[in-house]
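Nothing in this text is a laboratory measurement; each read-out follows from the coordinates by a stated rule. Please read these numbers as outputs of a predicted model, since none were measured by experiment. Because the Cβ atoms are built from the backbone with ideal geometry, glycine has one as well, and the counts that use them run over all protein chains shown.
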Amino acid sequence: TDGADSFECVTEKYNDLFNSMSVVGVSDSKLYVLGMWYNAEKDRYNDRGMSLFATVNSGYYTIDMQSGELAKLYPYISGETFFGPDGNLYCISNSSRIPRIVNLNTGKIIPIS
């Protein structure tokens with residue numbers, strides 16, 4: 001099977017945890033995804049950008065594409081994500097009054113001055 005079929009199998013396998021999944025990227029032979037559980041279909045496309053979602057399952061995950069194992073990396077935070085040169089996933093969080101960069105692999109918060 002190709003990668004799209006594999007990803008579809010993964011999304012079906014974990015559809016009890018989240019009803020929306022998007023690929024963030026690949027690093028260290030792991031697929032990084034953002035999984036969200038929206039309370040209602042209309043909340044996925046809220047034009048104010050403030051969708052209603054369950055915080056328990058929503059967040060950043062890694063999926064080992066060989067075994068299909070899912071591991072929660074970090075709870076959902078709003079912001080732009082990127083991979084650093086060290087292979088870690090980072091998020092420039094804009095959800096607080098003070099902007100910060102969060103290393104989603106370690107949970108370390110890096111203040112922006």
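Remark: spin-label model distance residue 64-residue 108 equals 2.5 nm, labels positioned 7 Å along the Cα→Cβ axis.
Each peptide in 77-85, 27-35 was scored by the mean count of other Cβ atoms within 10 Å over its residues; highest first, the order is 27-35, 77-85. Residues whose amide H lies under 5 Å from that of residue 37, counting only those 5 or more places away or on a different chain, are 19, 54, 58; hydrogens are built 1.01 Å from N in the peptide plane.
Here's how it looks for residue 65: its modeled amide H is under 5 Å from those of 31, which are all 5 or more places away or on a different chain.
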